[in-house]
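Asker: The following block contains the structure, expressed as structure tokens.
Derivation of every value follows stated rules applied to the coordinates shown; laboratory data play no part. Quantities reported herein were computed from a predicted structural model and do not represent experimental measurements. Don't worry about glycine lacking a Cβ; one is built from the backbone with ideal geometry, like all the others, and counts go over all protein chains shown.
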Amino acid sequence: MIWRIICGCLIVGLTTLTSGCEESTGQTEQLQDRTVTPLPTVPPGSGPFFPMKSDVGFGVVDQAGTELIEPMFLVSQVYATRSKSSLCSRAGQESVILSNRRRWIVLDALGSRESPPPYRLVRGILNLGDSLFAIDSLAELNADDQWGRIPVIYDLKDRWNPPEGVVARGRVSEGKVAISLNGKLGYADRDGNVIVQPQFEHAEPFYEDRAAVCKQGRWGYINPAGKLVILLQYRGCSWFDSGVAIVKPYVESEPLLIDKDGNKVRDFPLSRNLPDGAFDGFEDGLFRKQLDSPMEVYGFVNPAGDWVIEGWGLNGPTSAATFANGPAIVTRRIYDFDPNSGKFFEGLHQCLQARYILYRDGTLGPALLAGESWNPFRFGLAASRETGAYVNEQGKVVWKPQGLRVPVAMFPRDRKPRPYSARYNQHYNGKLYLNGKPVTEEKPGDTATEKREMNGD
């Protein structure tokens, strides 16, 4: 009898435990989320904020590399420069949103705020600038149109109040943002008031009171009032910077520079073909231009066409080779030289390649040894795409993932003037090149390359 009672009790206990499994699991997860991983309060004025990633998600550090939020979230992406290709997660943001299934964290100038997620099943968050965000929520809206998924617009300043059907479709620039309505694009102000009626197929951000727009495959420019100030006559064009834009005419083979009234400034020949549509232009008065040579080398020119930083061996341009928000990050090669034979070494170790900080005045900063590929600088820091480490504008690592070892710089450099001159090594198929042109002879005592001597043994 006693044995039966004991068995019955065990069965009842197991049945009760099993029936409450699903509910208790959710409650336990919520309890663990609240008790095991409490979030610290981030005080006002702690920004800008820099997302950092671990195996379990994204967190946030400040400009000094101090951890503010431990990694466990999805984080908003931001445009690091004007280029569309500069969209990334590891870049500084004035305001940032972090989210997971149970938490929604906002960091901005007011500090930190936490709330339950206002949207379920968030797949992506895009920072449009000026505290305006586009939320890709699978549960809220799943419709697509010709510009992709229709996002939910979320405003930290609680000012966005557009007419029904209006959706923000681009970054906020000069207080205006591209919008979509009924299959066309136009522009609204920061509060959502329509200022240019939707009528375009493509609409780029405003820069210097001009925005590139497209109808029926032809591009031109409008002013903030929506007036077409440069006719729709180009196959493609860039944004305006320093009073000029690059355009690709239908009838001429070479691109042109035009002023803000549409007048031709001069021809702008390039060694690469510009695509149709919107493409990158000058940034803060400099344009990254590739040299017409067998090697992938480039430099920076001003609107007058003068080399500000000569193309003397900066190899493999990337999205980080821009001065838009600070110094550029460039690739530089040094070929090993045998002093006994006077020839370059050949084979696997014939050259040393590294990433360096390049300052706008043409001086070369330190080598970056915490990663191979980098995002551009933004708010004073740049992040490695592989390791996630952040460096400041002097090349110092301010934050790195736990366990990452960063070697001592191979070529420690200060900011002594190192002008871009012919004294830089460029080597292609056994021939020396200076500024993209083959070297035929050297004068006695001249050094056409920067060589790294290696001992014969």
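Asker: Suppose R0 equals 41 Å; then what is the FRET efficiency for K84 and T41 from their Cβ-Cβ distance, rounded to the nearest 0.05?
Answerer: 0.70
Asker: Another question, if that's okay. Under a crude label model (7 Å from the Cα following the beta-carbon direction), how far is Q199 from K215 in nanometres?
Answerer: 0.5
Asker: Another one. Evaluate E = 1/(1 + (r/R0)^6) for D158 and D55, where r is the Cβ-Cβ distance and R0 equals 45 Å; express this FRET efficiency to the nearest 0.05.
Answerer: Result of the calculation: an efficiency of 0.80.
Asker: Related question: Apply 1/(1 + (r/R0)^6) to the Cβ-Cβ distance of V229 and R113, taking R0 = 51 Å, and write down the FRET efficiency to the nearest 0.05.
Answerer: The calculated FRET efficiency here is 0.75.
Asker: How much length would be gained if the chain were fully extended between E208 and D259, taking 0.36 nm per residue of separation minus their Cα-Cα distance, in nm to one decimal?
Answerer: Extra length available between E208 and D259 comes to 17.2 nm.
Asker: Let me ask something else about it. Sketch the reach of a paramagnetic label on W147 as a point 7 Å from Cα along Cα-to-Cβ, and name the residues of region 65-102 whose backbone nitrogen lies under 20 Å away.
Answerer: Only 77-88 fall inside the zone, counting backbone N under 20 Å.
Asker: Oh, and also: At R385 and A64, where each label point lies 7 Å from the Cα along Cα→Cβ, what is the point-to-point distance in nanometres?
Answerer: Label-label distance for R385 and A64, simple model: 3.2 nm.
Asker: Shifting gears a bit: Test of understanding: ordering F206, F200 by Cβ neighbours within 10 Å, fewest first, what list do you get?
Answerer: Ascending Cβ contact count within 10 Å gives the list F200, F206.
Asker: Going down the list K289/K396; K176/K289; K84/K289; K53/K176, which pairs span over 21 Å between their C-alpha atoms?
Answerer: K289/K396; K176/K289; K53/K176
Asker: Using the basic label-point model (7 angstrom from Cα toward the beta carbon), what is the N182 to D267 distance in nanometres?
Answerer: Result: 4.6 nm between the two label points.
Asker: Something else now. At q = 0.26 Å⁻¹, what is the base-10 log of I(q)/I(0) for region 201-282 according to the Debye formula with one equal point scatterer per Cα and no solvent? Please give it to two decimals.
Answerer: Per q value, in the given order, log10 I(q)/I(0) is -1.41.
Asker: If you rank M52, M72 by fewest surrounding Cβ atoms within 10 Å, what's the result?
Answerer: Fewest to most other Cβ atoms nearby, the residues stand as M72, M52.
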